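Novice: Sending over a structure as structure tokens; questions will come in a sec.
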Amino acid sequence: MLAQNLWNIARKETRDARRNRWYWLYTGAFAVLSLALASTALLGSGFGGLAGFGRTSASMINLVLLVVPLMGLTSGSLSLAGERERGTLAYLLAQPLSRAEIFWGKFLGQVLSLGSSLVLGFGLSGLLLARAGGTQQWALYAALLSLSLLLALVSLGLGFCVGALCQRSSAALGASLVVWLGLAFFADLLLMGLASTHWLPVQGLFHCTLANPVQLFRLSSLLYLRANLEVLGPVGVYATRTYQDWTLPVLLAGLALWATLPALFSYAIYRKRSYLG
């Protein structure tokens, strides 16, 4: 796999993303909402920027939980399915390029595009907070950005899985929305139902939570902000007491695993399918 070919495909993917109205819609919406949360945090703080980064980080968690998986899933699914439907994927495969170069070049391009959207949103709100005075708790803000980028990798990998399985962009978009609803809403409702009926003990509830990358992001972010998970109740107390100082490494390892396996799985599907017909 040649690095130059990989980079050329990635550049093409980023150019295609910039010509996509959905990319600018997602980017603009995330930037505006980030600025709104930063402004609200400053208005609610009597010390200006002193507490701005901490307040904004807490608010940004819910924004990232909803927006980033949606961005990654739709972008990743349409990257493969859309090009197959238009016939451009078959054209690329007919060139002197390996399948690995095309796939990972497209994946890298999507990572750069989605990452730039997140950096722009976090950067604008961070500049607003810094200008208001003080840069205390900036490390929490930077950690949240890093976790958001990791969640973006997870959602892109899942999106590429959907795109590799679907033949049409409309089907890929619909399937990615179903996956997003399942991760962001339905999984929580299911766990809440199981917990309320006492079908799952506390330890079982925590381990089921580890199976959802969105929840892994939430737990990791809360652990960064509060240094413990007791705010979550019995599940948080169990996690803190069981894993102690290893709680955060376990959560980050789970996120890293989610960021790796879907991408590899989608590549395996992509290698076995024919896109020339």
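The values are calculated or read from the model by the stated rules, or taken from the named source; none is laboratory data. Just so it is clear, the structure is predicted and the values come from calculations on it, not from any experiment. For neighbour counting, all protein chains shown are included, and Cβ atoms are generated from backbone atoms with ideal geometry for every residue, glycine included.
Novice: Can you report the number of residues in region 75-97 which are loosely packed, with under 14 Cβ neighbours inside 10 Å and of a type outside the set (A, V, I, L, M, F, W, C)?
Specialist: Final tally of qualifying residues: 6.
Novice: Take Ala130 and tell me if it is within 22 Å of Leu43 (Cα to Cα) and assigned to a helix (DSSP H, G or I).
Specialist: When the stated conditions are applied, Ala130 passes them.
Novice: If you don't mind, there's one more thing I want to ask. So, Leu112, is that one modelled with pLDDT under 90, part of a helix (DSSP H, G or I) and not hydroxyl-bearing (Ser, Thr, Tyr) or not?
Specialist: no
Novice: I'm trying to understand the selection: among the residues of region 1-26, which are assigned to a helix (DSSP H, G or I), out of contact with any helix residue (DSSP H, G or I) (no Cβ under 6 Å at 6 or more places or on another chain) and not charged (D, E, K, R)?
Specialist: Initially, region 1-26 is screened for residues assigned to a helix (DSSP H, G or I), giving 3-18, 21-26.
Adding the requirement that they be out of contact with any helix residue (DSSP H, G or I) (no Cβ under 6 Å at 6 or more places or on another chain) leaves 3-4, 7-8, 11-12, 15-16, 18, 21-22, 24-25.
Selection gives Ala3, Gln4, Trp7, Asn8, Trp22, Trp24, Leu25.
Let's see how each residue does on (1) polar (S, T, N, Q); (2) modelled with pLDDT under 90; (3) part of a helix (DSSP H, G or I):
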{"site": "Ala175", "(1), (2), (3)": "no, no, yes"}
{"site": "Asp188", "(1), (2), (3)": "no, yes, yes"}
{"site": "His198", "(1), (2), (3)": "no, yes, no"}
{"site": "His207", "(1), (2), (3)": "no, yes, yes"}
{"site": "Val250", "(1), (2), (3)": "no, yes, yes"}
